[in-house]
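The structure appears right after this line, and notes come after that.
The values are calculated or read from the model by the stated rules, or taken from the named source; none is laboratory data. Predicted model, so just to flag it, every value in this text is computed and none were measured. Cβ atoms come from the backbone with ideal geometry, glycine included; neighbour counts cover every protein chain shown. All accessible areas refer to the heavy atoms of the entire protein, side chains included, with ligands and DNA or RNA removed. Shrake-Rupley method; radii C 1.70, N 1.55, O 1.52, S 1.80 Å.
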Amino acid sequence: MKRKFQPILLLGLFLFTFNSCKNETEKSENTEDKKMAEVQKDEDFRPNFHFTPEKNWMNDPNGMFYMNGTYHLYFQYYPDDNVWGPMHWGHATSKDMITWEEQEIALYPDEKGYIFSGSAVVDNDNTSGFGEDGKTPVIAIFTYHDPVGAENKEENYQSQAIAYSLDEGMTWTKYEGNPVIPNPGIVDFRDPKVTWDDINKQWLMALATREKTLFYSSQNLKEWKKLSEFGAGTGAHDGVWECPDFFPMRVDGTGETKWVLIQSLNPGGYNGGSGTQYFVGDFDGKTFTPEENMKELEEKHKFWIDFGRDNYAGVTWANVPKEDGRKLFLGWMSNWLYAQEVPTETWRSAMTVARELKLVQEDETYLVKSSPVKELEKYRSSEISKDAIDVDEKAVLLDSSDLDLAKAEVKFSIKDLQETNYKIILSNGNNEEFIVNYDHTAKEFSVDRSNAGQIDFSEKFTEKNSTAPRISDSQDLKVLMILDKTSVEMFFDDGTTVMTEIFFPNQPWTELSLESENEKFSLGDIQAYELKF
Ligand code: FRU
């Protein structure tokens, strides 16, 4: 279906005069209207396609692996309440990383402690010896968090442990020799992420401590040897380092391989609170050395997987077949600043859409870009495409007669950027707006959700706008938005700058529009899809 834009000519002066004529009665009526219109709550906010547990609390993704056509996602889970509590590993499976089926709880806390974040690997060669009757073992590597030790302010309350599964991740047996890495006297000592390092023929673990990543190696997943440390004095440090991931990546379009370290931290993210930075460099089998110019480029490029406020603790899937070769990533779509207060009751928080990471070299630096996995395309139903046009001040890109903005993929571009501000706005009939400003003079994005619906649950939710640098130098700004009921994931310039943000509008968004401070601007083709699940 091809439709033409209907550019709206905003007669600024007229509107200004009109608005300022509104009297007090009208204002209070508006407040009344607003109250009455406060209809969305709890299940209304359940995403159409982002994974949520049916009930209660969820945080980090854990133990993600692929095996025999199924993607597994485990997650930090508290089944008895909608706030954080004694951690279990919940479990969900999917054939395509888009639609998920929740499974039985995989790991329960025990006398050694809660089951904190970690990873899982498929031990195809049975290096662990857990395999039986030709069954390939899957090994989960996690942190035991002893709440009593933590309460008593002991140092050694976190240690690393393993469990194995002989039925492709459905049921698990904890190893009797746990812990496999006892605590050496480090307070924050957690979130083991294990990868098979095919270059150096070893199991490789990245483990987070307060201000460093530690690397360990093993041949059998039971005995671990410390290799090296990385991070003191490098990168962001205004919080505790958590949930690392470390793997080699082919630089897109070249034969070169580099190692990427993903390292979440909380607080101290790019916009405060929770955030995930990354480092690119070389690994000699023992020590990770970041690119020399990363430090000096930090100012300009700022190396964050996602600059938005709502993508944390993300890691990649293990055992993705070589023929596929993708680095597949997913994060927790919330932020410790307010995650436990968001206005849902039955469950709390969702995961991001699964993403493909790519390592590219641009100018003198290596960048990790992301985009939604191609599997999402299978869910496109009706397509709306509109031709490029010149716009006067404001254009309505899409409205609810085009498609449901609570399950949509929208692509467009702004051509020949001028030194001015552009605003991408989601709005509803309730006078609520979610605003993404792009300031091309400062080359900076800024997201304002202070009038985007329910915000009172936490001051931190709207304390300030979140910002992100534009990294690409292109004259055209490309935008890809993945929209669900309570989130937008924005991939700018083919995923060079990414921002993920959640919101809780009182009524669904009914309009997506674009404004510029300049009188005229050019909009490229728009292509949008309603997604069907
Ligand atoms: C990150 C984190 C991890 C920890 C888990 C506990 O969000 O704090 O470091 O293992 O959550 O639920």
Is it the case that Leu221 is outside any loop (DSSP other than H, G, I, E, B), farther than 28 Å from Gln361 by Cβ and in the same structural domain as Phe303 (by TED's automatic domain parsing)? no
Can Asn200 be described as away from the ligand (no atom under 16 Å from the Cβ) and in the same structural domain as Leu261 (by TED's automatic domain parsing)? yes
Could you look through segment 335-355, keep only residues that are within 20 Å of Met481 (Cβ to Cβ) and away from the ligand (no atom under 15 Å from the Cβ), and pick out the one that is surrounded by the most Cβ atoms within 10 Å (Cβ to Cβ)? Arg355
Considering each residue of segment 225-248, count those that are open to solvent by 40 Å² or more (accessible area, probe 1.4 Å), assigned to a loop (DSSP other than H, G, I, E, B) and either more than 16 Å from the ligand (Cβ to nearest atom) or of a type in the set (A, V, I, L, M, F, W, C) (or both), and give that number. 2
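Among the residues of segment 64-113, which ones are among the hydrophobic types (A, V, I, L, M, F, W, C), touching a strand residue (DSSP E or B) at 6+ places or on another chain (Cβ under 7 Å) and under 16 Å from Thr316 (Cα atoms)?
Result: Met64, Phe65, Met67, Leu73, Phe75, Ala92, Met97.
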For residues that are among the β-branched types (Val, Ile, Thr) and under 25 Å from the mean Cα position of the chain (by Cα), scanning just segment 371-413, find the one that is surrounded by the fewest Cβ atoms within 10 Å (Cβ to Cβ). Val373
Here is a check on your reading of the model: is Gly273 modelled with pLDDT of 95 or more, away from the ligand (no atom under 16 Å from the Cβ) and on the phi > 0 side of the Ramachandran plot? no
May I ask you to verify whether Thr289 is more than 25 Å from the chain's Cα centre (by Cα), among the polar types (S, T, N, Q) and closer than 22 Å to Thr365 by Cβ? yes
For segment 59-140, give me every one of the strands (runs of 3 or more DSSP E) that falls completely inside it and has 2 or more residues that are open to solvent by less than 10 Å² (accessible area, probe 1.4 Å) and within 13 Å of the ligand (Cβ to nearest atom). 70-78, 88-94, 114-122
State all residues of segment 170-195 that are open to solvent by less than 60 Å² (accessible area, probe 1.4 Å) and either assigned to a strand (DSSP E or B) or of a type in the set (Asp, Glu) (or both); if no residue qualifies, say none. Ile181, Asp188, Phe189, Arg190, Asp191, Pro192, Lys193, Val194, Thr195
Going by what's in this entry, would Asp448 be described as at pLDDT below 95 and among the acidic types (Asp, Glu)? no
Using the structure shown, decide if Lys201 is open to solvent by 50 Å² or more (accessible area, probe 1.4 Å) and in contact (Cβ under 8 Å) with a residue 24 or more places away in the chain. no
